[in-house]
Amino acid sequence: MSAGLMIIEAAGSMAIAAAPGAEHAGSGVEPPTGYFGRLLGVVIVALCVAMGATAFRLVKGPSLADRVVALDLLASFIVGAIGVFSMQTGRFEFVSVAIVMALILFVGTAAFALYLEKSGRRQ
Amino acid sequence: MIEITSPLTLSAILLEIRFNELVTSALLVVGAGFCILASIGLARMPDLYMRMQTATKAGTLGVGCVMLGVGLHYRSLDVLVQCLLVVGFLFLTAPIASHLIARAAYMVRIRPWEGSSLDELAGCYDEETHTLVSTPDAHRADVERHSGRELHGDETMFGRPSDDGGPPRTA
């Protein structure tokens with residue numbers, strides 16, 4: 001119910017934005033300030049901490065498969081960080097970058113897994 | 001009619017915070033929390049298979065929540081659809097990628113944690129072709145018929161438990 005309302009509202013605001021004479025210097029919206037801007041900073045810091053713990057496993061990982069898992073998780077954290085960064089700057093083009101990142105993530109992981117299986121490196 | 005007596009009353013705060021920002025904030029906080037949990041699990045879990053399940057489940061949920069929050073933030077159907085694409089793609093591909101890694105790791109015999117008690121895939125994989133046969137019993141009967149030697153029934157991909165110095169299993 002509320003999601004439907006939200007979509008309708010979003011479509012309405014999009015129509016307003018597409019109308020001629022709409023005041024937009026670039027694309028996107030104003031960078032958020034106030035509590036929401038601070039929250040975005042906190043979320044970025046949290047994602048960086050998560051990336052740090054993942055990088056620890058990437059460096060330390062005893063086997064190649066551990067490193068592949070860590071790289072996979074790191075890439076998906078980067079997808080989330082790109083999204084939060086796009087909110088911080090108010091430019092929604094970065095969401096497309098996140099799409100590309102998500103695509104590359106899967107292909108890379110699948111390639112690593114196939115290489116691991118075909119090479120048959122025993123521990 | 002809401003009467004605002006002080007600028008710091010709850011109603012003033014609720015009037016100032018827009019509903020959309022509230023939903024986005026909640027999604028971002030939940031998503032960041034799950035991302036942290038996933039990374040802690042990845043760093044602290046004892047073996048590859050546990051690390052993989054915590055990274056895949058919690059990580060996908062966390063990043064999915066964050067991207068959903070991004071989609072709702074802009075109030076634009078365009079961006080919302082793009083973010084839903086990202087979320088859908090992550091939810092589709094993360095289990096597949098995780099399965100591929102787990103299968104490859106099992107094939108190259110990365111050992112599970114010594115505290116794990118169950119290996120349901122033991123004897124189910126043909127080591128030459130990397131294909132799955134139906135059940136351990138059927139596979140055992142097949143191997144016995146072809147090789148002519150008797151198997152003990154407690155073999156795993158990693159050898160028999162009694163060979164490792166562990167307690168021998170008696171029937």
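Laboratory data are not the source of any read-out in this text; all were calculated from the coordinates shown. Owing to the predicted nature of the structure, the values given are computational and were not obtained by experimental measurement. So basically every Cβ, Gly included, is an ideal-geometry build from the backbone, and we count neighbours across all protein chains shown.
For B:THR54, A:THR54, B:THR131, what's the fewest-to-most ordering of other Cβ within 10 Å of each Cβ?
B:THR131, B:THR54, A:THR54
Between B:ILE40 and B:THR131, take the C-beta separation as r, use R0 = 45 Å, and let me know the FRET efficiency to the nearest 0.05.
In this case the efficiency is close to 0.80.
Would you tell me the mean number of C-beta atoms belonging to other protein chains that fall within 10 Å of each C-beta in A:92-102, as a whole number?
5
How far apart, in nanometres, would the label points at B:VAL30 and A:VAL45 be if each is projected 7 angstrom from Cα along the Cα-to-Cβ direction?
Those two pseudo-labels are separated by 2.4 nm.
Just want the ordering: A:ASP66, B:ASP119, from fewest to most Cβ atoms lying within 10 Å of their own Cβ.
B:ASP119, A:ASP66
Give me a single rounded figure for B:79-86: the average over its residues of other chain Cβ atoms within 10 Å of their Cβ.
For this peptide, the per-residue mean of nearby foreign Cβ atoms is 6.
Please work out the C-alpha center-to-center distance from segment B:83-108 to segment A:96-114 and express it in whole Å.
10 Å
Measuring from label point to label point, each 7 Å out along Cα→Cβ, what is the A:VAL100 to A:GLN88 span in nm?
Inter-label distance under the simple model: 2.0 nm.
Can you put B:CYS65, A:CYS48 in order of Cβ neighbours within 10 angstrom, beginning with the fewest? Walk me through the numbers before you get to the answer.
On the way: B:CYS65 22, A:CYS48 11.
Final ranking by Cβ density, sparse to dense: A:CYS48, B:CYS65.
Can you give the average number of partner chain beta-carbon atoms within 10 Å of each beta-carbon in peptide A:110-119, as a whole number?
Averaged over the peptide's residues, the number is 5.
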